[in-house]
1. Would you tally the residues in the range 80-133 being assigned to a loop (DSSP other than H, G, I, E, B) and under 16 Å from the mean Cα position of the chain (by Cα)?
2. Considering only residues that are surrounded by fewer than 21 Cβ atoms within 10 Å (Cβ to Cβ) and either in a loop (DSSP other than H, G, I, E, B) or hydrophobic (A, V, I, L, M, F, W, C) (or both), which ones fall in the range 430-447?
3. Determine whether the range 207-216 contains at least one residue that is in contact (Cβ under 8 Å) with a residue 12 or more places away in the chain and surrounded by fewer than 23 Cβ atoms within 10 Å (Cβ to Cβ).
4. In the set R36, R56, which member is in contact with a helix residue (DSSP H, G or I) (Cβ under 8 Å, 6 or more places away or on another chain), within 24 Å of N6 (Cα to Cα) and touching a residue at least 60 places away in the same chain (Cβ under 8 Å)?
5. Restricting attention to helices (runs of 4 or more DSSP H) lying wholly within the range 1-70, give those where 1 or more residues are modelled with pLDDT under 95 and basic (K, R).
6. For A241, only one of the following conditions fails: (1) surrounded by 24 or more Cβ atoms within 10 Å (Cβ to Cβ); (2) without any contact (Cβ under 8 Å) to a residue 12 or more places away in the chain. What is its number?
7. List pairs: first residue in the range 262-281 and touching a residue at least 40 places away in the same chain (Cβ under 8 Å) and surrounded by 11 or more Cβ atoms within 10 Å (Cβ to Cβ), second residue of a type in the set (D, E) and assigned to a helix (DSSP H, G or I) anywhere in the structure, Cβ distance under 7 angstrom, at least six positions apart or on different chains.
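The values are calculated or read from the model by the stated rules, or taken from the named source; none is laboratory data. All figures in this text were calculated on a predicted structure; none of them were measured in a lab. Neighbour counts are summed over all protein chains in view; Cβ atoms, including those assigned to glycine, are modelled from backbone coordinates with ideal geometry.
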Amino acid sequence: MADKINLLSLDACALRERLASGALGALELAEACIARIEAREDEVRAWAWIDPDFARHQARALDAQRQSGRAIGPLHGLPVGLKDIIDTAKIPTENGCPLDAGRVPVRDAAIVARLKAAGAIIMGKTVTTELAYMHAGRTRNPHNPAHTPGGSSSGSAAAVADGMVPLAVGTQTGGSVIRPASFCGVTGFKPSFGAIPRTGVLMQSPTLDTLGVFARTPADAAMLAQVLMGYDAGDRATTPAPVPDLHGVATSKPPVKPVLAFVKPPGWDRADPQLHAAFAELCEALGDQVFDVPLPNAFDQAADQRARINFAEMARYYHRYAKNRDALGARTRAAIEEGEAILARDYIAALDWPDVLYAGLGEIFARCDAILCPAATGPAPEGLEFTGDAVFNGLWTLTGVPAVTVPAFTAENGLPMGVQLVAARGNDARLLRTANWFHGWLSEVGA
């Protein structure tokens, strides 16, 4: 068991190097993850579906491939958890919803095909909130099971945080990658809108839905996201363009020390006083590498406009569920019903807001490498019914910019709190380089 615990303490990049060199076998790593899951799943409850023998079968095939001398993929032998709204052929994908119980897709989502081609092990399906909205699933925060792990990508964040898998995939429509990553104390990366194809993923809001990743470090997140990125004809949000070298740039040294713009987003007054104090200390420690800047006043309307788009599109794309709405949780029903009441003119007007708000960020991005802001309003709330406030996330989802959270603070109750970094659309690689620098800087200053 000691060897397995040591294995699981390594980040994904270190594991990838060992797997590629042959110092570590895919089956050995899979067994370590399986043992961790078996030891902890009753408490954390991160998995909606898992079959250890299926994971072992994939691992043995990958070990045989490497031993034969054939080329291996960039994620060779790395176990990955998938949010249970991502279709997996012949494996249940039930969307966290009783109305989809027993649903088994006939084909893989585009990103699952890419993961398999890259040599990843599909470890299983992680718990999602109902239809990736706010009706909580059964997952608990690994740091304290009396607290929420966040949502809607709750299982993915918790599985990585608890060492069950080194990597996982989730989605964000409001704050469903960044917030649970912050609550669980891991890195969460939401790329630019349209960077990763959503083909074969439950659609809630095509204007907002974005696939993202969970990992221990920004470098790990870059390695996974690079495999997932790229054009797919099934998703009109993607465009034919070369995939950026996320991992290569993320692990390179910045040419100069990054400059960060600290903003207090709308809702700052709702944040925990501990978070206010932590950011004051952080900005003092960063010194002349950070400057304060206000967001344009128009951002005060971001939350309302994002919700209007989200609910109107939920009413459209979840219409098939609305026919049996009594089987849905109260929060899901309320969102669909609110969407049904939105006038077409108000929805169409709201669609202008992403570009209006993004234009207001141009002057800020011209002066910094990334915006610095909170990832959540504080540590994970106590209780499992409320997945947390997404007020610090939704504005960045609405504007389609890349965002990454890095574990930075510890609250008085021992729960983690993350720092969020945000960059201009398409600057995903540079953002991850800044985040990787920040992650190293935190280690040096002993944060």
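1. From the range 80-133, those assigned to a loop (DSSP other than H, G, I, E, B) are 84-85, 87, 89-90, 92-97, 101-109, 118-120, 127-129, 133; that's our starting set.
From the residues that got through so far, the ones that are under 16 Å from the mean Cα position of the chain (by Cα) too are 84-85, 127-129, 133.
Within the range 80-133, residues that are assigned to a loop (DSSP other than H, G, I, E, B) and under 16 Å from the mean Cα position of the chain (by Cα) number 6.
2. W437, W441, L442, V445, G446, A447
3. yes
4. On the way: R56 fails: touching a residue at least 60 places away in the same chain (Cβ under 8 Å).
Selected residue: R36, the only one of R36, R56 that is in contact with a helix residue (DSSP H, G or I) (Cβ under 8 Å, 6 or more places away or on another chain), within 24 Å of N6 (Cα to Cα) and touching a residue at least 60 places away in the same chain (Cβ under 8 Å).
5. Details: elements: 2-8, 12-21, 26-44, 52-67.
Answer list for the range 1-70: 2-8.
6. Result: A241 fails condition (1) only.
7. P266/D300
Every residue, every condition in (1) among the aromatic types (F, W, Y); (2) farther than 20 Å from F189 by Cβ; (3) in contact with a Ser or Thr (Cβ under 9 Å, 6 or more places away or on another chain), yes or no:
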| site | (1), (2), (3) |
| --- | --- |
| G119 | no, yes, no |
| M123 | no, no, no |
| A136 | no, yes, yes |
| H143 | no, yes, no |
| P149 | no, no, yes |
| P166 | no, no, no |
| V169 | no, no, yes |
